[in-house]
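S.K.: What follows is a single structure, and I will ask about it in a moment.
The values are calculated or read from the model by the stated rules, or taken from the named source; none is laboratory data. The model shown is predicted, which means the values in this text are computed figures rather than measured ones. Note that we place each Cβ from the backbone using ideal geometry, even for glycine, and neighbour counts take in every protein chain shown. Areas reflect the complete protein model, heavy atoms only, side chains present, ligands, DNA and RNA absent. Shrake-Rupley method; radii C 1.70, N 1.55, O 1.52, S 1.80 Å.
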Amino acid sequence: MDKLVIRGGRPLRGTIAASGAKNASLPILAATLLAPGEHKVSRLPDLMDTSSMLSLLGRIGCPSLVGPTVRIDTSRVSFNEAPYDLVRKMRASILVLGPLLARCGEAHVSLPGGCAIGVRPIEQHLKGLEALGCVFELDGGYVHGRVDRLRGADFRFDITTVTGTENVMMAAVLAEGTTILRNAACEPEIVDLAGFLGGMGARITGAGTPTIVIDGMPALRASRKAWAILPDRIESGTYLAAAAITGGDVTVLGADPDDLAPVLEVLRRTGTEIELRPDGVRAFRTGPILATDVDTQPHPGFPTDMQAQVMALLSLADGTSVIRENIFENRFMHAAELHRLGARIEIAGNTATVTGSPSLRGATVMATDLRASASLVLAGLAAHGTTEVLRLYHLDRGYERLEEKLGALGADVFRAAEGRPVEAARAV
Ligand code: EPU
């Protein structure tokens, strides 16, 4: 396993480009199953999660050719199963459920189970698909789904769910009649998926609002044009937060200020200056970090996927901040690791009280999930001395060319094998 070694204390300065969004790429790759043919996707980020999804499609019988434009051939589906060995690596594999049911009338998907950030059930995905006529049986750790004919329905989600909305929307595009999805998630990644489906001939209105209307089509076709995945707002937000925490000055080219609005608002409240430029977003900080309270909410609220990074920033603030995590029940695992770097954070239920410290000190830390790892990297960049972030594979799931981008901004970071002393690793 690899670790990231960071010698902190340098302000990050410079310009980098945003990568394509992980959480838009995964449903879009799954959506290629809806129409036989060759699909083309550009700006697909090179991440462990996107390769896992391409492997899953390969297992289903849909090979892909990776390059600046990724080509996925979904002419034939020879296997309608997402097996446990792939699903356990990536929960988002559940996104093939809706498309496989729509394409094959039958699907077998391993249940994702809980993960480090919470229980994460999928009953909303199943309820929505049931409303369209699917029947499910749970057996041997698998969801076995069947449908003779998908029929449009008026369905209201009990809970706002991002991948749940995507799964049901993908099945509804091939249903007979109209589907109305109420209390749908409004994340920009859902709008990107709707755009991709539109390019295949689907008729969807209202994506990005709580009510999505889908007029089902008898068939879709692969678009001749390549679909460019939208820029990753969480990756962009993480680099802007890196500028804030190190007292640096970073521009993220391609970052979308609208999608990032709740993140930019919180960064501004911490005393970070934000400049919206025609080609991206710039963040810089010259004064102290100011304390502020943060509440995670579904979009357009502050994203849970930026909570850990902002906690790292607030651990160096002038004053006390309160963070409430309202989306996942167990997403404060990074707090104990930040504590190892000298942060002062108290957790009570879904609330973290962060008392700012004047400085952090480097230490060896270990993360349990992707965004927790990102928060430890940010803290390490600001800390005095050397920080080693173990289990780097979490970061490889969601941050494309992380060391290269951080290096371009002047960070002193490198990857090494875990268990290898820093000096020996550097000498290689
Ligand atoms: N939930 C249920 N039942 C369901 C579905 C969801 O109770 O059937 C609950 C979840 O347990 C959670 C809440 O509803 O408490 C919201 O979960 P949601 O379904 O929206 O999350 P998700 O679709 O599984 C996506 C992202 C996550 C991101 C969340 C919230 C993808 C592939 N994943 O997950 O991204 O945190 O939405 O915005 O889009 C990440 O990138 O690090 C990441 C975890």
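S.K.: Could you tell me which residue of the range 92-107 is farthest from the ligand (Cβ to nearest atom), considering only residues that are open to solvent by less than 50 Å² (accessible area, probe 1.4 Å) and more than 17 Å from Gly58 (Cβ to Cβ)?
M.R.: Selected residue: Gly105.
S.K.: In addition: Which numbered condition trips up Leu111, out of (1) touching a residue at least 24 places away in the same chain (Cβ under 8 Å); (2) closer than 30 Å to Gly237 by Cβ; (3) within 16 Å of the ligand (Cβ to nearest atom); (4) open to solvent by 20 Å² or more (accessible area, probe 1.4 Å)?
M.R.: With (1) touching a residue at least 24 places away in the same chain (Cβ under 8 Å); (2) closer than 30 Å to Gly237 by Cβ; (3) within 16 Å of the ligand (Cβ to nearest atom); (4) open to solvent by 20 Å² or more (accessible area, probe 1.4 Å) applied to Leu111, the lone miss is (2).
S.K.: Right, something else. Return yes when Phe157 is more than 10 Å from the ligand (Cβ to nearest atom), within 26 Å of Gly301 (Cα to Cα) and of a type in the set (Phe, Trp, Tyr) and no when it is not. Don't jump to the end; show me each part of the working.
M.R.: Numbers: more than 10 Å from the ligand (Cβ to nearest atom): no; within 26 Å of Gly301 (Cα to Cα): yes; of a type in the set (Phe, Trp, Tyr): yes.
It is false that Phe157 is more than 10 Å from the ligand (Cβ to nearest atom), within 26 Å of Gly301 (Cα to Cα) and of a type in the set (Phe, Trp, Tyr).
S.K.: Also, I was wondering about something else. For the range 122-142, name all the residues that are assigned to a loop (DSSP other than H, G, I, E, B) and over 24 Å from Ala175 (Cβ atoms). Even if it seems obvious, please write down each step before you answer.
M.R.: Taking the range 122-142 and keeping what is assigned to a loop (DSSP other than H, G, I, E, B), we get 122, 132-134, 140-141.
Within the range 122-142, Gly140, Gly141 meet the criteria.
S.K.: Only residues that are more than 14 Å from the ligand (Cβ to nearest atom), part of a loop (DSSP other than H, G, I, E, B) and either open to solvent by less than 10 Å² (accessible area, probe 1.4 Å) or modelled with pLDDT under 95 (or both): list them for the range 372-400, please.
M.R.: Ala383, Arg391, Leu392
S.K.: Quick one: count up the residues across the range 241-256 that are assigned to a loop (DSSP other than H, G, I, E, B), open to solvent by 10 Å² or more (accessible area, probe 1.4 Å) and closer than 19 Å to Ala317 by Cβ. Explain how you work it out, then say what you get.
M.R.: Our first condition is that a residue be assigned to a loop (DSSP other than H, G, I, E, B); within the range 241-256, this holds for 247-248, 254-256.
This time we only want the ones that are open to solvent by 10 Å² or more (accessible area, probe 1.4 Å), so: 247, 254, 256.
Imposing the further condition that a residue be closer than 19 Å to Ala317 by Cβ reduces the set to 247.
Residues in the range 241-256 being assigned to a loop (DSSP other than H, G, I, E, B), open to solvent by 10 Å² or more (accessible area, probe 1.4 Å) and closer than 19 Å to Ala317 by Cβ: 1 in total.
S.K.: Now for a separate question. Among the residues in the range 348-371, are any under 17 Å from Ala241 (Cα atoms) and part of a helix (DSSP H, G or I)?
M.R.: Yes, there is a match, as at least one residue in the range 348-371 is under 17 Å from Ala241 (Cα atoms) and part of a helix (DSSP H, G or I).
S.K.: Just the residues that are more than 16 Å from the ligand (Cβ to nearest atom) and crowded, with 20+ Cβ neighbours inside 10 Å, please, taken from the range 200-213.
M.R.: Met200, Ala202, Ile204
S.K.: Please identify the pairs in which a residue from the range 371-395 that is touching a residue at least 40 places away in the same chain (Cβ under 8 Å) and assigned by TED's automatic domain parsing to the domain that holds Gly9 has its Cβ atom under 6 Å from the Cβ atom of a residue that is open to solvent by 20 Å² or more (accessible area, probe 1.4 Å) and part of a strand (DSSP E or B), counting only partners at least 6 apart or on another chain.
M.R.: Ala383/Arg361; His384/Arg361; Gly385/Arg361; Thr386/Arg7; Glu388/Thr364; Leu390/Met366; Arg391/Met366; Leu392/Asp2
S.K.: Of the residues Ile327, Ile289, Ile323, Ile347, which is under 27 Å from Val5 (Cβ atoms) and either of a type in the set (A, V, I, L, M, F, W, C) or free of Cβ contacts under 8 Å to residues at least 40 places away in the same chain (or both)?
M.R.: Working: Ile327 fails: under 27 Å from Val5 (Cβ atoms); Ile323 fails: under 27 Å from Val5 (Cβ atoms); Ile347 fails: under 27 Å from Val5 (Cβ atoms).
That would be Ile289, the only listed residue that is under 27 Å from Val5 (Cβ atoms) and either of a type in the set (A, V, I, L, M, F, W, C) or free of Cβ contacts under 8 Å to residues at least 40 places away in the same chain (or both).
S.K.: Please enumerate the residues belonging to the range 26-72 that are part of a helix (DSSP H, G or I) and more than 21 Å from Arg401 (Cα to Cα). Step through it out loud before you land on a result.
M.R.: Step one: list which residues in the range 26-72 are part of a helix (DSSP H, G or I), which gives 26-34, 48-60.
Residues satisfying the conditions are Pro27, Ile28, Ala30, Ala31, Thr32, Leu33, Leu34, Leu56, Leu57, Gly58, Arg59, Ile60.
S.K.: State the number of residues belonging to the range 13-27 that are within 11 Å of the ligand (Cβ to nearest atom) and either closer than 18 Å to Met169 by Cα or of a type in the set (A, V, I, L, M) (or both).
M.R.: 6
S.K.: Report the residue count in the range 149-190 for those that are in a loop (DSSP other than H, G, I, E, B), open to solvent by less than 30 Å² (accessible area, probe 1.4 Å) and either under 29 Å from Asp232 (Cα atoms) or among the hydroxyl-bearing types (Ser, Thr, Tyr) (or both).
M.R.: Adding up the residues that qualify gives 7.
S.K.: Do we find a residue being buried (at least 19 other Cβ atoms within 10 Å of the Cβ), within 16 Å of the ligand (Cβ to nearest atom) and in the same structural domain as Phe196 (by TED's automatic domain parsing) anywhere in the range 67-85?
M.R.: yes
S.K.: Separate question: Does the range 104-122 include one or more residues that are at positive phi and over 24 Å from the mean Cα position of the chain (by Cα)?
M.R.: yes
S.K.: For the range 125-140, what are the residues that are farther than 15 Å from Ile180 by Cα and either within 12 Å of the ligand (Cβ to nearest atom) or open to solvent by 40 Å² or more (accessible area, probe 1.4 Å) (or both)? Quick ask: steps written out before the conclusion?
M.R.: Initially, the range 125-140 is screened for residues farther than 15 Å from Ile180 by Cα, giving 126, 134-140.
Hits for the range 125-140 are Leu126, Val135, Phe136, Glu137, Leu138, Asp139, Gly140.
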